[in-house]
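Contents: one structure, followed by commentary.
The values are calculated or read from the model by the stated rules, or taken from the named source; none is laboratory data. Note that the structure is predicted; figures quoted are calculated from it, not measured. Cβ placement follows ideal geometry from the backbone for every residue including glycine, while neighbour counts extend to all protein chains displayed.
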Amino acid sequence: MKFLKTIIIAGLLTMSASVMAHTGIKSTYPANEQMLEAAPKQLTLNFGASVRLMRVILMDGEHKDLNIGFKPKAEAGTSFKIAVPEIEVGEYMVSWTAMGKDGHKMSGDFSFMVHGEGMSHDDGHGDKQSDEHKDDHKDEGH
């Protein structure tokens, strides 16, 4: 009976380590289903552990691939930034594939919408202030 408990515990520990090794995406910019006032300058994909980003595809609302010039790199990382060409007002989907250190492939997608000025780019971090708020802080000594 003691031997059986040991085998079960070892199996559970192995399974837990395997699940943790297959980390997924932690966050993206734009966030999934985010509505933007201006087109992003870049896509940002953040993972919970080091991965190799193998593929990133940006598609418009008609599912046409847009050329973002993504090329996979040999080195692994947890955060990746991919430049975005000038895009118009509309809906977009990003599809990605990454490989963990153990060789396990993960994939996913997220979508966003540009409904403001289209080709005018924001800073890629979602902290863009309007001009009227920028003027409010000029004399604060910052």
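Checking 83, 38 one by one, the residue that is within 24 Å of residue 24 (Cα to Cα) and touching a Lys or Arg at 6+ places or on another chain (Cβ under 8 Å) is 83 and no other. When restricted to residues that are in contact (Cβ under 8 Å) with a residue 40 or more places away in the chain and either of a type in the set (Val, Ile, Thr) or closer than 14 Å to residue 65 by Cβ (or both), the range 90-115 contains 5.
The set of residues from the range 63-74 being aliphatic (A, V, I, L, M) and either modelled with pLDDT of 95 or more or within 16 Å of the chain's Cα centre (by Cα) (or both) comprises 66, 68. Can you tell me which residue within the range 40-66, out of those that are assigned to a strand (DSSP E or B) and touching a Pro at 6+ places or on another chain (Cβ under 8 Å), is surrounded by the most Cβ atoms within 10 Å (Cβ to Cβ)? Top of the filtered list is 43.
Of all the listed residues (77, 90), the sole one being more than 21 Å from residue 111 (Cβ to Cβ), small (Gly, Ala, Ser) and at pLDDT 95 or above is 77.
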